[in-house]
Amino acid sequence: MSCRPIIFIISVLTCTLVHCQNKELLYDFTEIPQALMVNPGARNDFEWYAGIPTLSGISLQAGISGISVNDLFANDGLDINDKVRDRAIYGLSTRDEQSTTFQLEFFNGGFRGKKNELYSFGMYVEGDVINYWPQDYAILAFEGNADQIGRRFDLGDLKVRGELVNVFHFGINKRLNNSLRVGIRAKLYSGILDVRSANNRGYFVTTEGNRNLLANTIAADLIMRTSGMNTLGEANDDGTLTNFFMKRAFFGGDLGAGFDVGLTYHLNNQTVLTASLLDIGFIYHSNDVSTYSLKGSATIEGVDVILPDALSDPNRDFWQELVDEVETLVPFRTSHKNYISFRPTRLYGSLRYNFGEELPSLEDCDCGPDSGKGGAGRRAKYANAIGGQLYMVNRPRGPQMALTAFYHRNFGNVMAIKTTYTVDKFSATNFGLGLSLQLGPINAYIMSDNLFAYGNLAASRYASFQLGLNIISWSRK
Amino acid sequence: MMSRIGPMNFLKMKTCATHISLLLIVVSMLSACVKNQDFGQYDNLQITPTYEGSILYLEAPESEINAHDGSNFISQIFNFDAFAEPVFADRVLDGVMTYEIANTTSKPAQLTFEFLDAADAVLDTEVFAIDPAPTAILYRETAYGNAGRSITIITSTSSIRITAENLGDSTSVSSLPNAMITFKSAAKFRIRVK
């Protein structure tokens, strides 16, 4: 067993295209302030909290559906060319994706207002890339068009999206009554980089020629939009990448706005319904924007020489005429028109049943199990909880969904763990575990998905982890 | 601040669950492994697609053939840069040129297809002798690379010269409608992408 290429595997997973991270472990993990980031209406009892800058929230996720590194690089004696052909080129479909997401909080904090509402604020950078397997492009590149008479290679298979965004946010969380808590968070997006090519159509086909032996036909309606990429290239050449990222991260690039909403609703003393909708927003790309398009259709059968007309001009360049004709019929154009992109909106929901021992509250209030029925109107906190969660995210090929069953256990007010089992398109054996430790005012958490895959990362199609450090206070200022 | 953390809670930290959690998350991540992988296989990966398309189509009606006093009714050099494009010339491995000639005129002919380099020097020649109608379609495949002719003929080609000679008379007319000589050609080549 060799343990050395872990970094390689992580690099492969990371560098392929990712999807917005399903943070099923963090969701409704109310001992951690960052739970508010996935549900602005999450239950909370902090007086104030402050994330350790750049360490309060670090998360990374990578997923590949349909294939794993092990499928291609296992030392199994099979020919790599056969494995690539059978398992990737023809084994994957256009529904399969390679995706990765990371999020890094620069700062994150919150404080309680006079009317017991909790205000939260912060800034984080988020990268998100997703690529759907471009099957027909892959076949065309691997096999070519020879002996494929009549086969239409679908140019619409190209669906890729990547973005790097700096997000500033400010939210409010308020308990409206004994059963309902709601929250909303406003977001300002400062777009750093954006690449997207999702709404493509067209085909390439080789048929028997009308006059010549073969006819190659292309009918294309392809478009790719980018923002920041040209400046990135220049900054890379000039050695000014830091300035580039700092400028575009602080409103020197593309600007956008959005919001999150969420709620927690107690159906009864022990049953809780939660839901949140995140990143309902857009970014207006207006800085260093380029749009590349290839649109039109053409059929070519090589150079046509029809006598006697063909010989009327002895200097006639038939080949250049053919090239010019194709470029006229299927022009490749570059424009710099601004565009709007919508954020990948995410939906969370959960149904949770609390049971077991009632825990003492950390709040500086007359509440908890010893304070009488519903102390200060607050719901009791229990040692155990089980439930189910739903996650959906809007993707170029339609919504993606994940279902999670979880068990949450509090060990006093010092430690809490959450275990999850999640089913999604990447894995049906995804068991995750999250741990939150409260040591005095210091809160530390670490979470990881798909734990069984760590035995052999190369065979995994999904990897995810989150960690962070916070300082939390429950006392009145 | 954190005034209610009692000793019992700290004792609970030392439960088996604590160890299980830490072990599962931290230790499993730290001990994460990649089993029995051979990334050197990547070096053996060969991506060599084969592409095909038409090259040149020539159509010479019988009336045009009869109109020429000399025996050559065409002798023309056609610029053809497709094979010289670096994306092709630097990567082509082998392939086949396919020719198809049909003659529905009343006269025999000889058609010469020549590959020329940038200085118009002849690199390779294909000669087709065509009987007068009625005759079968002449079909020929010529391989380049591997056991065929040198692939450098293809990669050095900058233009094509076609010469067609009327080996019969200039007065007779075929009884077939739209009598003509047609020359079709296509190329199928394997490219080394990796």
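Before moving on, here are some points about what is shown:
- Modelled FRET efficiency - R0 45 Å, A:Ala444 with A:Lys337, Cβ distances, 0.05 increments: 0.40
- For region A:408-424, the Karplus equation 6.51 cos²θ - 1.76 cosθ + 1.60, evaluated at θ = phi - 60°, returns couplings of 10, 9, 9, 10, x, 9, 9, 9, 9, 10, 9, 10, 9, 10, 10, 10, 8 Hz by residue, with Gly and Pro reported as x.
- Hydrodynamic radius by Kirkwood, which averages 1/r over all alpha carbon pairs of region B:45-191, in angstrom: 16.3
- In this structure, the amide hydrogen of B:Phe78, modeled 1.01 Å from its nitrogen in the peptide plane, lies closer than 5 angstrom to those of B:Ile160, B:Arg161, B:Ile162, counting only residues at least 5 positions away or on a different chain.
- Taking every alpha-carbon pair within region A:377-453, the share separated by more than 15 Å comes to 65 percent.
- From helices alone, chain A scores -3500 deg cm²/dmol at 222 nm; the rule is -39500 (n - 2.57) for each run of n ≥ 4 DSSP H residues, then divide by the residue total.
- Out-of-range pairs (alpha-carbon distance over 18 Å; input A:Lys381/A:Lys418; A:Lys23/A:Lys425; A:Lys295/B:Lys188; A:Lys159/A:Lys295; A:Lys115/A:Lys174): A:Lys295/B:Lys188
- A loss of 50 Å² or more of accessible area (1.4 Å probe, protein heavy atoms, ligands and nucleic acids excluded) relative to the isolated chain is seen in these residues of region A:302-331: A:Val303, A:Val305, A:Leu307, A:Leu311, A:Trp319.
- Cα centroid separation - region A:180-212 against region B:86-132, whole Å: 45
- Summed buried accessible area for B+A [probe radius 1.4 Å, Å², rounded to 100]: 6100
- HN-Hα J in Hz across region B:168-175 - Karplus 6.51, -1.76, 1.60, θ = phi - 60°, x for Gly and Pro: x, 8, 10, 10, 5, 10, 5, 7
- Spin-label model, A:Glu208/B:Ile137: points 7 Å from Cα along the beta carbon direction are separated by 0.7 nm.
- The mean sequence distance of close C-alpha pairs (under 8 Å, at least 6 residues apart), as a share of the length of region A:41-147, puts its relative contact order at 32 percent.
- For chain A, relative contact order (Cα pairs under 8 Å, six or more residues apart, normalised by length) works out to 17 percent.
- Normalising the Debye intensity of the protein assembly as shown to I(0), with uniform scatterers on Cα atoms only, and taking log10 at q = 0.07, 0.08, 0.09 Å⁻¹ returns -0.62, -0.74, -0.85.
- Whole-number accessible area per residue in Å² for region A:6-473, which is evaluated in the context of all protein chains at 1.4 Å: 40
- Across peptide A:143-152, the average count of Cβ atoms from other chains found within 10 Å of a residue's Cβ is 4.
- Calculated FRET efficiency for the pair B:Arg192/A:Asp309, C-beta based, R₀ 45 Å, to 0.05: 0.70
- Between A:Tyr353 and A:Tyr292, the simple label model (points 7 Å from Cα in the Cβ direction) yields a spacing of 5.5 nm.
- Integer Hz, Karplus 6.51/-1.76/1.60 couplings in order for region B:75-81, x for Gly and Pro: 8, 9, 9, 10, 4, 8, 8
- The mean number of partner chain beta-carbon atoms within 10 angstrom of a residue's beta-carbon across peptide A:408-420 is 5.
- Kirkwood Rh in Å, taken over region B:85-164 so that all alpha-carbon pairs contribute: 13.9
- With the convex hull constructed from alpha-carbon coordinates only, region A:33-152 shows a mean projected area of 11.7 nm² over all directions.
- Between A:Val326 and A:Leu273, the modelled labels are 6.0 nm apart [label points 7 Å from Cα along Cα→Cβ].
The values are calculated or read from the model by the stated rules, or taken from the named source; none is laboratory data. The model shown is predicted, which means the values in this text are computed figures rather than measured ones. Please note: Cβ atoms are built from the backbone with ideal geometry, for glycine as well, and neighbour counts cover all protein chains shown. Surface areas here come from the heavy atoms of the whole protein model, side chains and all, with no ligands, DNA or RNA. Shrake-Rupley method; radii C 1.70, N 1.55, O 1.52, S 1.80 Å.
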